[in-house]
Amino acid sequence: MKSLMLTLTRGAIAAALTACGVASALAADLKVGLSVSLSGPNSSLGVPYAKGMQAALAYKPEINGRKVQLIVLDDGSDPTTAGRNARKLIEEDKVDLLMGTSGVPAAIAMAQVGKEAKVPMIGLTPILLDPNENPWVVTVAQPTQLMIDAVVERMKRNNVKTVGYIGFTDAWGDLVYNALMKAAPEAGIKVVSNERYARADASVTGQVLKIVALRPDAVMTGGAGTPGALPFLALQERGYKGGVYGQHGLINPDFVRVVAASGQNALMPTGPVIVAEQLPDNYPTKKIAIDFRAAFQKVNNAPTSDAFSAYSFDGWLVFADAASRAMKKAEPGTAEFRVALRDAIFSTKEVVGTHGVYSFTPGSLYGVDERARVIVKLDNGQWKLAP
C-alpha cells in the first residue's frame, strides 16, 4: 500500500506539472521539455526536481510577456528512456529547450539527442562529457571537482591522512572518485580503496568490510539519493569510528530519513541554498534563495528541504535570462530561435541563482565558482552550516 501511494503521488506530480503546461498550451510562446525520474531508484532526486520546476514556473510563468509551456515526462531512472523522452519532446512537442535529469548517465543520453537535433539543454545534474564535443548543453549543477576540493580541504583540516572510497558503479561514482584522486594527493591524503556498488543494490556489507579492514582515517562516499545511505548504514553497523564524508548528491530528505543516526556529523558540500537562513545577509545568493523557498512553499504547500528542487529553479532563471535576449533575434518555435537561445545561454553573465552565480562562455559546461559551495554537517537530521 505504501508503494502504491508513493507511485500515485509521483503520478500526481507529473500530472499536475503537465496540466500546468496544457492549460497554457494554446497561448504559449515558448516550450520547455523536462525529463526527470519520477519513478525508479533516482526518484528521490527526480521528484524534488519536478517540484522545483513547478515552483519556477509559478515564479516566472512569462518571459518578455510571452507565456511558457512546461512539458514533463518520467524517465523511470533509465538512461534509454531519458534519451527517448528527449527525442519525443523535440520531435513531437517541438520544445525550444530540454532540461533534466536525475542521473548522470540519463543526462548524457538527453544531451546527445539535443546535440543531434540542435536543441539547447540545461542539465540539472553534473554531466560527464566534453563541452567542445557538444556545444548545445550546460548544467546548473556544480562541477564535481569544485565540490570535492572543498571536502578534501576539510579532510586536511581534520588531519585525515588516509581515506577509503565507496561509490556507485556508474558515471556518478566515477566523477566523485576521479575528483577525489585529483585533489587528495595534493593535500597529502592517500586514497586506499575504490569500492563500488549499483544503485539498486540492497547491501554494501562486503565492500565496507574491505574498507574497515584497511583502517582509513576517513571514508568518502560517492552515492546519491536514498541508495547513497547504504555505506553510512554499513559503516555504523561495523563500528567504524572515523569520519565519513559525502557530496552534494546526498542533500535530500529521503537520504536523511533513511540514513537516520548513521549519518550523524557527516560532512559534505552543497549549494548555499540548503542553509540559506544561516548565511550572512551579504551572501550573494541569500535573497533569491529565500524567494525560492517562499515560491516552493506556496506551490507545493510544504517547505523545501533538499538541494535538487533549487537546481530546477536555477535552470529556469538561466533559461529566462537567455530567452529574453534570444527573442530579440528570432521567434520561439523556430530553428533560428534555438540557435539564438543556445548562444544566449553561453553568454550568460552573473545571473544570481539559489546555488550560485552563473556565467557561461562557449566551451564551458559549468557556470559557477566558489560562491556555489559551502560545507554542511548533518546534525540530528538537520543540515547545519559547518564553521
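Quick look at the values:
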{"item": "Residues of region 348-358 classified as more than 16 Å from the chain's Cα centre (by Cα), surrounded by 15 or more Cβ atoms within 10 Å (Cβ to Cβ) and assigned to a loop (DSSP other than H, G, I, E, B), total", "result": "1"}
{"item": "Filtered residues of region 302-335 (kept if surrounded by fewer than 13 Cβ atoms within 10 Å (Cβ to Cβ) and either at pLDDT 95 or above or of a type in the set (D, E, K, R) (or both))", "result": "LYS328, GLU331, THR334, ALA335"}
{"item": "Close pairs (6 angstrom Cβ cut-off, 6 or more residues apart or separate chains): farther than 17 Å from LEU129 by Cβ in region 357-370, exposed (fewer than 14 other Cβ atoms within 10 Å of the Cβ) and at pLDDT 95 or above anywhere", "result": "VAL357/GLU350; SER359/LYS349; SER359/GLU350"}
{"item": "Residue ID - farthest from PHE360 (Cα to Cα), chosen from residues in region 281-301 that are open to solvent by 20 Å² or more (accessible area, probe 1.4 Å) and outside any helix (DSSP H, G or I)", "result": "ASN301"}
{"item": "Scope region 114-143; condition assigned to a helix (DSSP H, G or I) and open to solvent by less than 10 Å² (accessible area, probe 1.4 Å); matching residues", "result": "GLY114"}
{"item": "Answer from ALA372, ALA326, ALA302 - the residue that is in contact with a Leu (Cβ under 6 Å, 6 or more places away or on another chain) and aliphatic (A, V, I, L, M)", "result": "ALA326"}
{"item": "Check on ASP174, within 19 Å of GLY225 (Cα to Cα), in contact (Cβ under 8 Å) with a residue 24 or more places away in the chain and part of a helix (DSSP H, G or I)", "result": "yes"}
{"item": "Residue in region 145-171 that is nearest to SER39 (Cα to Cα), counting only those that are part of a strand (DSSP E or B) and of a type in the set (Gly, Ala, Ser)", "result": "GLY167"}
{"item": "For ALA117: the one exception among (1) farther than 23 Å from VAL47 by Cβ; (2) in contact (Cβ under 8 Å) with a residue 40 or more places away in the chain; (3) small (Gly, Ala, Ser)", "result": "(2)"}
{"item": "Qualifying residues in region 235-278 (those that are aliphatic (A, V, I, L, M) and open to solvent by 10 Å² or more (accessible area, probe 1.4 Å)) - the one nearest to LEU214 (Cα to Cα)", "result": "VAL244"}
{"item": "Hits in region 233-262 - residues which are aromatic (Phe, Trp, Tyr) and over 18 Å from ILE375 (Cα atoms)", "result": "TYR240"}
{"item": "Candidate set: region 31-84, residues that are open to solvent by 40 Å² or more (accessible area, probe 1.4 Å) and assigned to a strand (DSSP E or B); chosen: the one nearest to PRO120 (Cα to Cα)", "result": "LYS31"}
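The values are calculated or read from the model by the stated rules, or taken from the named source; none is laboratory data. As the structure is a prediction and not an experimental result, all values here were calculated from the model. No Cβ is skipped: glycine too gets one built from the backbone with ideal geometry, and neighbour counts run over all protein chains shown. Surface accessibility is based on the protein's heavy atoms, side chains included, excluding ligands, DNA and RNA. Shrake-Rupley method; radii C 1.70, N 1.55, O 1.52, S 1.80 Å.
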